[in-house]
Amino acid sequence: MHIDHTHRKWFTASLVIFGVATAVYVPYAAHSPGGPRGGSTIGLAFGIIGSAFMAFAGLLSARKNVPVWRLGRAQSWMRGHLWLGLLSLPLTFYHAGFRLGGPLTSVLLWLLIIVVASGVFGAVIQHYLPRVMTLQVPGETIFEQIDHVREQLVAEADRLVDGAETAEGTRRDKAGGGVSLAMQSEVAVDEAAALRNFYAREMRAFLTSGGKRHPVLSDADTARSAFEGLRTLLPAELHEMTQRLGAICEEERQLRRESRIHHWLHGWLMMHIPLSFALLLLGCVHAITALRY
Amino acid sequence: MSGAALVELTIDGKRVAVPAGTSVFDAARLNGIAIPTLCHQQNETPVGVCRLCVVDVNARVFTASCVRPAEPGMVVNTASEKVQRARRTLLEMLMADHLSPCARQQHSGDCELETLAKQAGIAEPRYAKRNASRGKDNSSVSIAVDFDACILCDRCIRGCGEIRENFVLGRMGKGGTAGIAFDDNEPMGESSCVSCGECMVSCPTGALTNRGVTATALGSGPDVQQVSPERLQELPVFKGVSGTFLSLNRGAVVQRRFRAGDVICSEGEYGSTAFYILDGKARVSISTPMAHVKTQGALKKFIGKLSSGLAQRQQDRREEEADQRWIPIDAPVDLNYDNPVAELGPDDLFGEMTCMSLYPRSATVRAETDCTTLEMLRNVLDIMQRNKTFRAQLDKSYRRRALDSHLRSVPVFAELTDDFIASLRESVELVRYSPGQVICKQGDPAEAFYLVRIGFVKVSQAHPGGEIVLAYLSRGDYFGETGLLLGDVRTATCTALDHVEVVRIGADDFRRMIEQFPVIRQKLEAVEQERALMNRQRLSVLHSVPLDSFLAQGLMEAQSLLLLDLNSCTRCDACVRACADAHDGITRLVREGLRFDHYLVATSCRQCLDPLCMVGCPVGSIRRRNSLEVIIEDWCIGCGLCAENCPYGNINLHPFNVTVDDPERPGRKKAVMKQKATSCDLCKDFAEPSCVYACPHDAARRVDPRRFFAGLLGQAPGIARKV
């Protein structure tokens, strides 16, 4: 999500709500005998509003599960989730009077802090990383297709290398000049051996390692140097093939980069979502126990 | 020999007497003396070009025996050492100019030139071989031309002209560039050659050889019967077809018997053969439901799952729905929309487009009675279509059965009376065009109006910078009216995209029609104005947008793009899920495609100005509305050709469970899966497409690319906004 000028209305509204809440809290806190409490009228009001904001934020998951239902645009829900979720933090603190309280309320407050912090972290990540992905992964594919694309790269590289010997053999046959066919084949195999060995030892391991770092090919500069060195060992007819193998390595590097960025883009949700549900659940428990008892 | 004066002469020491006028060659032949030759055939006028038949007649020079008449007292030596030396030199010269071993020598070892050369002990000619190839011509479906093997003996020319009287072949060029040519030096397949095979049979070398039957087998079995060339030639429709051709293409046409109820071919299947009914009757129909895909559930605005169902025209009238009553199919009849069933009988040919252009079968044909058909491959159908007798029969059948419904199937001509159509029946012309052939050219005088009977026609205009495609026309469409209405020249070039047949209505008949039926004139003028407006809009687009990578990706062709702003998109796939949810689990959008700037052009229907998806539809069901939006009509048979043709992969096939009559158990129904082509419908029932509505990050948007990218492309600022 790109947080830009289109969020202005939400930002302004949130600022106003925060301002009003603070304007209410400060005199309330200053004049409450024994300090602000969650059970007081104003404290309760803060708690209810804060919980409502949290509940709305939590409904985003449900909203995403029914994308076609006309319940308001998903973008509006997301912005509501962001700003109202953020507002729930100060409102809850105003409800708690900046006190941790007992074990349940302490856990709740810490959960809230972590959830909001992870949410802010996610918002920042999702603000910047899409652009990074666009710039750094021009050959981007659909994330779930990465393994399949990788298999295709391996197959293509295998075909290229298998074709290298044949191409070299053909070149030698045409050059001919009285050399026997057997000898010509031996020469062909020798000259393609450097390519074959490089492929078997370095490149194939890089392509099939499932994203593990490779000392030479994971980095574009060292990979370039390696391929340039390889070209010096090969006849001119194999240079184009070497270039294509280099391009395959670059595609693999892009797939790895995409995979990493994708995990950053979505990985934080593995913490944010379960903790949010825990927060909502415990919040319900707190509300029931606090009101009833 | 009685009654004719005899001429006495001596040949190789033998006294012979032959009728006056006999050539020395024939005189020798009649008396058992063989003289080698290459350019002479008994059934052709001798021309003496190869000079191999030279003999010594004790004159100053040797004489070509095939053209020299025998004279009284002539002393002829056919095999002296000098004569043989001369022949050897000639053979070496011919071999130097002949690609050896040629195709005929390779396949059957009987190239006459190479045989003679071998007999003369010539392994390699002393003279330098030609270093520039004269090329090949493989445009004909049945005869391969290899100019490198040609020795310019002219036997093919005389075979084509004297024996067959087709006069297609001739000579062209001079000296080293001399060669044989078809018509005005056109490729053989595009010339008026009828592929009788006479040239091939006449050719002494491998310059003209048979291409043979294609790899497709016509199958075997108890109901399939191979037909001998002699039997085929007994059939009236094969009258005039070369027996040699039929012999060389044995197996390319078979006789098939179908029992009543058997399916001859099914709609949507791919094939490569055409059928000609010899006897019996067959029923042609479309079994796919006459309905289009409609997204339902939109009335439940807040809750309720959307689903895709089938809706008929009466149930769901779409804006600018076609009023078309007739469905064009690959047969000599059209099917009525309300009852898509028709009958075929003896002498009917169906499956032409499938056979010639490999389109899917457009309808299901089932034998109503026991039926005998000829099933043929393309090379045979090609010959048949060039055969005068067969063409006349097809024409007659079309005029009698299909012209009426074909004309009336065009909404503009709905008012034509029976009398007028009857008067047109004999004056219209059925004209065939090969793929790539120009039917009419921009700027030429307008002399006729055309109705497309089969195939696809491209309409384009030439502009500085290149050709602009304005439209693709298929069966039932028409062109040529603008030039006639305006009394001017052609405003566009119309080219056959595949094997096209058009009904050509001459200018006089056209004028008579619009004078007699002013309503038709008004309708044509209205259509002409709409087309002119569309074309102007299209051209204004082209002139206002600079052509760089925008054009290279075909983005200018699009009227509506689904763009994903990659700087906002978190790759969560909410758009794809929403699209699938809105269409019964089948997404019409893929979050993959080309990029322009920081936008991803998602794979979703672009409503292209040049809709390649329309080309090839066997039933003409994918077409363009007047608003330029692509629409798929009710009679889509689900063959999937449009999906294959779309270069962006934007058309999907949506399966539906339907119940149809069970042919094996009359009166009962059975459930089958039928497919219908679908593409993005912009979620018409909602204010916003579901993909855009469901994007939580405001990354997805549907835009008019020319306006949206105007700023990026250096156009007037402030235009770039969401449509």
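The values are calculated or read from the model by the stated rules, or taken from the named source; none is laboratory data. What you see is a predicted model, and the numbers here were worked out from it, not measured in a lab. Glycine gets a Cβ as well: all are built from the backbone with ideal geometry, and neighbour counts include every protein chain shown. For accessibility, only protein heavy atoms count, side chains too; no ligands or nucleic acids. Shrake-Rupley method; radii C 1.70, N 1.55, O 1.52, S 1.80 Å.
Couple of notes before you dig in:
Table: residues versus (1) within 14 Å of chain A (Cβ to nearest Cβ); (2) open to solvent by less than 10 Å² (accessible area, probe 1.4 Å); (3) assigned to a loop (DSSP other than H, G, I, E, B); (4) modelled with pLDDT of 85 or more.
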| position | (1), (2), (3), (4) |
| --- | --- |
| B:GLN255 | no, no, no, yes |
| B:TYR276 | no, yes, no, yes |
| B:ARG283 | no, no, no, yes |
| B:LEU299 | yes, no, yes, no |
| B:GLN314 | no, no, yes, no |
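- So B:ASN657, is it polar (S, T, N, Q) and in contact with a Cys (Cβ under 9 Å, 6 or more places away or on another chain): no
- Residues satisfying the stated conditions in the stretch A:13-30, i.e. open to solvent by less than 70 Å² (accessible area, probe 1.4 Å) and either among the aliphatic types (A, V, I, L, M) or in contact with a Phe, Trp or Tyr (Cβ under 9 Å, 6 or more places away or on another chain) (or both): A:ALA13, A:SER14, A:ILE17, A:ALA21, A:THR22, A:ALA23, A:VAL24, A:TYR25, A:TYR28, A:ALA29
Residue-wise test of (1) touching a residue at least 12 places away in the same chain (Cβ under 8 Å); (2) more than 23 Å from the chain's Cα centre (by Cα).
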{"site": "A:VAL107", "(1), (2)": "yes, yes"}
{"site": "A:ILE113", "(1), (2)": "yes, no"}
{"site": "A:PRO130", "(1), (2)": "yes, no"}
{"site": "A:MET133", "(1), (2)": "yes, no"}
{"site": "A:VAL137", "(1), (2)": "yes, no"}
{"site": "A:ASP147", "(1), (2)": "no, no"}
{"site": "A:GLU151", "(1), (2)": "no, no"}
{"site": "A:ASP162", "(1), (2)": "no, yes"}
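- Selection status of B:PHE182, modelled with pLDDT of 85 or more and surrounded by 14 or more Cβ atoms within 10 Å (Cβ to Cβ): yes
- Entry remark, the stretch B:631-686: residues being in a loop (DSSP other than H, G, I, E, B) and surrounded by fewer than 18 Cβ atoms within 10 Å (Cβ to Cβ) number 13 in total.
- Within the stretch B:102-120, the residues that satisfy the criterion of being open to solvent by less than 70 Å² (accessible area, probe 1.4 Å) and in contact (Cβ under 8 Å) with a residue 24 or more places away in the chain are B:CYS102, B:ALA103, B:ARG104, B:GLN105, B:CYS111, B:GLU112, B:LEU113, B:GLU114, B:LEU116, B:ALA117, B:ALA120.
- The residues of the stretch A:1-22 that are touching a helix residue (DSSP H, G or I) at 6+ places or on another chain (Cβ under 8 Å) and within 12 Å of chain B (Cβ to nearest Cβ), listed by number, are A:MET1, A:HIS2, A:ILE3, A:HIS7.
Let's see how each residue does on (1) over 19 Å from B:ALA291 (Cα atoms); (2) out of contact with any Cys (no Cβ under 9 Å at 6 or more places or on another chain):
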{"position": "B:LEU335", "(1), (2)": "no, yes"}
{"position": "B:VAL341", "(1), (2)": "no, yes"}
{"position": "B:THR364", "(1), (2)": "no, no"}
{"position": "B:ALA367", "(1), (2)": "yes, yes"}
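Residue-by-condition table, conditions (1) under 21 Å from B:ALA331 (Cα atoms); (2) at pLDDT 80 or above; (3) in a strand (DSSP E or B):
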site	(1), (2), (3)
B:PHE420	no, yes, no
B:SER427	no, yes, no
B:GLY443	no, yes, no
B:TYR450	yes, yes, yes
B:GLU467	no, no, yes
B:GLY476	yes, no, no
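- Qualifying residue in the stretch B:434-442 (condition: of a type in the set (D, E, K, R) and under 22 Å from the mean Cα position of the chain (by Cα)): yes
- Members of the stretch B:557-567 found to be open to solvent by less than 10 Å² (accessible area, probe 1.4 Å) and either within 19 Å of A:THR141 (Cα to Cα) or touching a His at 6+ places or on another chain (Cβ under 8 Å) (or both), listed by number: B:LEU562, B:LEU563, B:LEU564, B:LEU566
- Counting only strands (runs of 3 or more DSSP E) wholly contained in the stretch B:326-409, the ones carrying 2 or more residues that are in contact with a Phe, Trp or Tyr (Cβ under 9 Å, 6 or more places away or on another chain) occupy B:364-367, B:371-376.
- Lone qualifier among A:HIS272, A:HIS263, A:HIS239 - being surrounded by fewer than 16 Cβ atoms within 10 Å (Cβ to Cβ) and within 14 Å of chain B (Cβ to nearest Cβ): A:HIS263
- Failed item, numbered, when A:SER88 is tested on (1) within 14 Å of chain B (Cβ to nearest Cβ); (2) farther than 21 Å from A:HIS2 by Cβ: (1)
- Note on the stretch B:45-69: residues that are open to solvent by 10 Å² or more (accessible area, probe 1.4 Å) and in contact (Cβ under 8 Å) with a residue 40 or more places away in the chain total 7.
- From the list A:PHE227, A:PHE206, A:PHE198, the one residue that fits, being open to solvent by less than 40 Å² (accessible area, probe 1.4 Å), farther than 30 Å from A:LEU100 by Cα and touching a His at 6+ places or on another chain (Cβ under 6 Å), is A:PHE206.
Here is a yes/no grid of residues against (1) on the phi > 0 side of the Ramachandran plot; (2) modelled with pLDDT of 85 or more; (3) crowded, with 20+ Cβ neighbours inside 10 Å; (4) more than 11 Å from chain A (Cβ to nearest Cβ):
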{"residue": "B:ARG571", "(1), (2), (3), (4)": "yes, yes, yes, no"}
{"residue": "B:ALA580", "(1), (2), (3), (4)": "no, yes, no, no"}
{"residue": "B:ILE586", "(1), (2), (3), (4)": "no, no, no, yes"}
{"residue": "B:GLY593", "(1), (2), (3), (4)": "yes, no, yes, no"}
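- For the stretch A:36-73, residues that are open to solvent by less than 20 Å² (accessible area, probe 1.4 Å) and more than 14 Å from chain B (Cβ to nearest Cβ) total 5.
- Residue check, A:GLY80 within 14 Å of chain B (Cβ to nearest Cβ), part of a helix (DSSP H, G or I), closer than 30 Å to B:CYS579 by Cα and among the small types (Gly, Ala, Ser): yes
- Only one of the listed residues (B:LEU470, B:LEU403) is within 23 Å of B:MET353 (Cα to Cα) and buried (at least 19 other Cβ atoms within 10 Å of the Cβ). That residue is B:LEU403.
- A:LEU108 in a helix (DSSP H, G or I) and in the same structural domain as A:VAL132 (by TED's automatic domain parsing): yes
- All told, B:PHE420 meets the bar of being farther than 28 Å from B:CYS193 by Cβ and open to solvent by less than 40 Å² (accessible area, probe 1.4 Å).
- Positions within the stretch B:406-417 being among the small types (Gly, Ala, Ser) and open to solvent by less than 50 Å² (accessible area, probe 1.4 Å), in sequence order: B:SER409
- A:SER106 vs. criteria more than 12 Å from chain B (Cβ to nearest Cβ) and open to solvent by less than 20 Å² (accessible area, probe 1.4 Å): no
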